[in-house]
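The values are calculated or read from the model by the stated rules, or taken from the named source; none is laboratory data. Everything quoted here is computed from the prediction, not taken from an experiment. Please note: Cβ atoms are built from the backbone with ideal geometry, for glycine as well, and neighbour counts cover all protein chains shown. With ligands, DNA and RNA removed, areas are computed over all heavy atoms of the protein, side chains included. Shrake-Rupley method; radii C 1.70, N 1.55, O 1.52, S 1.80 Å.
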Amino acid sequence: MTMNQLVLQALVRVDVLGVFIAFFLVLLGASFTLRGVSLRSIPTVEASLEAVRACSEKGNPLLFDTGWTGANFWGHSSGLTTLCFVPATLELLRAISRESGKLGVRVITGTTNAVYALMSHDFMQRGFAESGHPERFIPTDIRFYPDNTALNLSDVEMAHRLPFGAAVMVGGHNQTSNVVIYEALATEGAMIVAGEIWPNDNSMAALAADYMSFSEENIAIGSYLSDDPVPKAILAGEDIIKVFLIAIVIIGGILAGAGVW
Amino acid sequence: MGQQSQTNIVQELPTILGVIGLFIIASLYWTEPGWEGALVIRNATTLSLPFATIITVGLLIRRHARNIIRREETTPYDAITIGSAVLIVLLGLVGGMADPTMAALYANVNVIGTMAVISAISISVFSPMIRIYRAKTPIMGFLILLSILALFTYTPIGEMIHPAIPRLGDFVQIWISGASDSAFWISTYIGAVALITRMILLKERLRP
Amino acid sequence: MNIKWKDTRLIYLVIFLVIFGTSLTPITLPLPVVQWSKEFYKVIDEGVTVSVNPDNPRHFAGVKEGTRVMILNSGETAKLWGDMSEAVKAVWTDLRRRGAHILLWSSSVDNQAILDKYLIPYFYGLDPQSHSDYGVSFVDLGFVAGGNALLEQWRTSLRAITPVDRYGNSLADIPMMQNFDAMRIDCDLIIGLDARGLESIYVIRYNTPVLEMGGTDSAGYLALSYTAGYFQGMIMGQRGGAEYEFLSGIPGRASAYMLNSMAIALIVTVAIVVGNIQYLMSRRET
């Protein structure tokens, strides 16, 4: 058996649970040792609040569209990633609702996930309550669509009819269908903030949106919105894992190049 | 004080239950064969999801009905939404997905609607290319060149100009895009583990 | 009529006219064949040895009479069909030509509907169950809920979880399914239609040969598993369809469709170049 077969065999047999526990312990350690670390800001958070202000100036509503974000049981990676966006996007919705409540901006949401639609209600209501204007929360502005086609067509229709002053599209859309909504929004002069789950959708955000952030950043939006130092320390801890993995890649590359492995 | 901590536990209950449920269902990926308890929880969760859909569809119909009652400008749209929802539900209740009318409607409305959106994607991708693709910065210029390379690689133009063009395009696709995609996903997975870590520490919640 | 030349809807109109015009006079154009397409065809034609798990290398001798092929219609097929259609038709034609036993599963109603509308009638007529191939060399499980968790369960027994096909026929009574149950050993080849996660379920543990088909868009995320050695080959988009038609000699429309793509690519490239020249000239003026 060759060296690389042995390594591969070992890797195959490392349980996913083992990897998770190792990462968890590193991040747990970071939550103590890296407290107080300062993080760079990410565009989605700042720009989303700016989007509310842009809507206030224009007197138009804001679109908060998370697409497929929510619990699903496809059981593979790209499906489970939509689950990771749930807490972050809901926290962002609360922050946007708080700002919108203060400035009197109407927030219209779009989701294809029924559970997420129900959860949106709680977070949005809380956000408007925190603004001091609970009466500005309109429950019927939480829009649920049974599938992506309906969401897409309805968003485009509203983008032209209302129109929206700005849109925050953080979540999962479907095989780049987000670009159809982006272009409808752009035609009406709306500001577009985007952060998609999947890379092919994010490439559309890079093409057409005014501000964008990546999947990993979007999962952490809640940490950026919080004043608590622990979540920020855990975020910084991710870099320790990345440095470790990069080191493995480099060392493995050198060993392979030298013919050792 | 006692009252306060009781309230906190109640507030954190959705997150605690979420983490425990997540762990049990995820265990199916590292135990072989999966244990019965995890299977039951996964199946129960999966079966409960349609009920949330029923509630939200009910809310959807209620909203459009209200619009009609208030004589909003969207009345035709509202009427079509309610009409089609009621029709589909009735057909589904009567004959299920195998019902020929249901199948014909699905094939000729849903599938065609989906294809319409997909067609719109292809046009909407070109739209920003023409609208905002200007070499205002070196990075933007590089992006434009890569886009043109891709256009030439995935159509016969590149091969007709020079065989090296599609080879270069394939190299970018297979190795550079493949590697960046890999980095993207690995970072996302690390981010996901960090999210779970925050949830275990109750620093990230499933209710406001 | 006052035409606004900056109206983006003009782009849509021009692209529609170009597609329509070029469809009227299809011409086959030269196209290079990318490595993953060559390997896709080679696996079907000659076979492959998979040894991702070095304990138990698995030799697959190519698709022959009775080869058990499972097609997992479990990705975004419904959304990508416009870009995948001709490739899937060409591969399906080849599988039938070689006498493969094809088992089809759809992971969603949408995915099932798209094949019901555009593919199944093409090969098996409007009543597939009555086709002479049904039960002998083709079985359709239809939409079965469960996603990849279902694939996990099917590793040990398909019939234990899914006892009937989409028409309610007992799998135990279907001739083709007699030796097609424990997917980890009974399935000779898996072809995923934009399917994800097959590496960890089948390849790493059992060395099952896996081929992937998707839209051009899918290549970005599937390439990773190909370069890592988990997928034995890939066919992506209409270009992949044209490549497969070339490699297999099966006549199809994908090659001719490349004319549409080429015309649109040329228009967009010209528009980008003209836009940038305009931009540079306006900068010089200011």
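Solvent-accessible area per residue for chain A at a 1.4 Å probe radius, Å²?
Per residue, chain A has an accessible area of 38 Å².
About the Cα centre of chain C, how large is the charge dipole given +1 on each Lys and Arg Cβ and -1 on each Asp and Glu Cβ? Please answer in debye to the nearest 20.
740 debye
Loop-only check: which trypsin sites (Lys or Arg not before Pro) in region B:116-200 are DSSP coil with at most 15 other Cβ within 10 angstrom?
Of the trypsin sites (Lys or Arg not before Pro), the ones in loops of region B:116-200 whose Cβ has at most 15 other Cβ atoms within 10 Å are B:Lys136.
With r defined as the distance between the Cβ atoms of A:His160 and A:Ile254 and R0 fixed at 56 Å, what FRET efficiency is calculated, to the nearest 0.05?
0.50
Name the residue farthest towards the positive end of the dipole of the protein assembly as shown from the options C:Gly47, C:Ser130, A:Leu92, assuming +1 on Cβ of Lys and Arg, -1 on Cβ of Asp and Glu, about the Cα centre.
A:Leu92
May I ask you to find the residues of region C:113-128 that are shielded by at least 50 Å² of accessible area once the whole protein assembly is considered instead of their isolated chain (probe 1.4 Å)?
For region C:113-128, once contacts with the other chains are taken into account, C:Lys117 lose 50 Å² or more.
Which of the listed residues, C:Asn111, C:Leu198, C:Ile11, is farthest toward the dipole's positive end in chain C, when Lys, Arg count +1 and Asp, Glu count -1 at the beta-carbon?
Of the options given, the answer is C:Ile11.
Using modelled backbone amide H atoms (1.01 Å from N, in-plane), which distant-in-sequence or interchain residues come within less than 5 Å of C:Thr67's amide H?
C:His101
Need one number: buried accessible surface between chains C and A, 1.4 Å probe, both sides summed, DNA, RNA and ligands left out, in Å² to 100.
Answer for the C-A pair: about 1400 Å² buried.
Based on the mean of other beta carbon atoms within 10 Å per residue, what is the order of C:223-230, C:123-130, most packed first?
The densest-packed peptide leads the list: C:223-230, C:123-130.
Could you state the accessible area per residue of chain C in Å², with a 1.4 Å probe and every protein chain left in place?
40 Å²
At a Förster radius of 41 Å, what calculated FRET efficiency corresponds to the Cβ-Cβ distance of A:Leu17 and C:Asn169, to the nearest 0.05?
That gives a FRET efficiency of 0.55.
Helix-only estimate, please: 222 nm mean residue ellipticity of the protein assembly as shown, summing -39500 (n - 2.57) across DSSP H runs of length 4 or more and dividing by its residues, to the nearest 500.
-19500 deg cm²/dmol
For region A:234-261 and region A:147-185, write down the distance between their C-alpha centroids in whole Å.
Value for the Cα centre distance between the two parts: 40 Å.
Can you give me the long-range amide H partners of A:Met191? Hydrogens built in the peptide plane at 1.01 Å from N, cutoff under 5 Å, separation of 5 or more residues or another chain.
The list, which skips near neighbours in sequence, is A:Ala166, A:Ala167.
Among the lysines, select those whose C-alpha is under 24 Å from the C-alpha of A:Lys232, and discard any that sit fewer than 8 residues away in the same chain.
Filter leaves A:Lys242, B:Lys203.
What does the structure give for A:237-243 when I average, per residue, the other chain Cβ atoms found within 10 Å of the residue Cβ?
Partner-chain Cβ atoms within 10 Å, mean over residues of A:237-243: 3.
Work out, step by step, the length gained on full extension between B:Val94 and B:Val10: first 0.36 nm times the residue separation, then minus their alpha carbon distance; give nm to one decimal.
In short, 26.0 nm is gained.
Enter the accessible area per residue of chain B (Å², integer; probe 1.4 Å; all protein chains in place).
Averaged over the residues of chain B, the accessible area is 55 Å².
With charges only on Cβ, +1 for K and R and -1 for D and E, what is the dipole size of region B:1-95 about its Cα centre, in debye, rounded to 20?
The dipole magnitude comes to about 400 debye.
For the protein assembly as shown, build the charge dipole from Cβ charges (+1 Lys, Arg; -1 Asp, Glu) around the Cα centre, then report which of A:Ile142, B:Ile118, B:Leu195 sits farthest towards its positive end.
Farthest towards the positive pole: A:Ile142.
Let me check I've understood the local charge: for B:Gly191, count other residues with C-beta under 11 angstrom from its C-beta, Lys and Arg +1, Asp and Glu -1. What total comes out?
Charge balance in the 11 Å sphere: -1.
Which order, highest average first, do C:39-45, C:233-239, C:63-69 follow once you tally other Cβ atoms within 10 Å for each residue and take the mean per peptide?
Those peptides, ordered most packed to least, come out C:233-239, C:39-45, C:63-69.
Per-residue Cβ counts within 10 Å, from other chains only, averaged over C:268-278: what number is that?
Averaged over the peptide's residues, the number is 5.
Would you be so kind as to list the residues of region A:90-130 that have their accessible area lowered by at least 50 Å² in the full protein complex compared with their chain by itself (1.4 Å probe)?
A:Leu118, A:Phe123
Roughly how far apart, in whole Å, are the Cα centres of region C:42-87 and region B:136-184?
The distance from the Cα centre of region C:42-87 to that of region B:136-184 comes to 27 Å.
In Å² (nearest 100), what accessible area is buried between A and B, both sides summed, heavy protein atoms only, 1.4 Å probe?
5300 Å²
Please report, in debye to the nearest 20, how large the charge dipole of region A:17-155 is about its Cα centre when each Lys and Arg carries +1 at its beta carbon and each Asp and Glu carries -1 there.
280 debye
Report ³J(HN,Hα) in whole Hz for each residue of region B:199-208, in order, from the Karplus equation J = 6.51 cos²θ - 1.76 cosθ + 1.60 where θ = phi - 60°; Gly and Pro get x.
5, 4, 7, 6, 9, 9, 10, 9, 8, x
Over the whole of B:154-164, what's the average partner chain Cβ count within 10 Å per residue? Rounded to a whole number, please.
The per-residue average across the peptide is 6.
Under 16 Å from the Cα of C:Lys89, which lysines turn up, not counting those fewer than eight places away in the same chain?
Correct list for C:Lys89: C:Lys117.
Give, as a single signed number, the net charge of other residues whose beta carbon lies under 12 Å from the beta carbon of B:Tyr106, with Lys and Arg counted +1 and Asp and Glu -1.
-3
Excluding ligands, DNA and RNA, what is the accessible area buried between chains C and B, summed over both sides, using a 1.4 Å probe, to the nearest 100 Å²?
In total, this chain pair buries about 4100 Å².
DSSP beta bridges in chain C, what fraction antiparallel, as a percent rounded to 5?
15 percent
If you roll a 1.4 angstrom probe over the protein chains with everything in place, what fraction of the accessible area of the protein assembly as shown belongs to carbon and sulfur, to the nearest %?
65 percent
Sequence neighbours fewer than 8 away in the same chain don't count; with that in mind, list the lysines whose C-alpha is under 18 Å from A:Lys58.
Filter leaves A:Lys102.
FRET efficiency for B:Leu17 and A:Leu245, Cβ-Cβ distance as r, R0 = 25 Å, nearest 0.05?
Using R0 = 25 Å, I get an efficiency of 0.20.
Multiply the residue separation of C:Val274 and C:Val14 by 0.36 nm, subtract the distance between their alpha-carbon atoms, and state the gained length in nm to one decimal.
92.0 nm
If DNA, RNA and ligands are ignored and the probe is 1.4 Å, what is the ranking of A:Glu46, A:Glu57 by accessible area, most exposed first?
A:Glu57, A:Glu46
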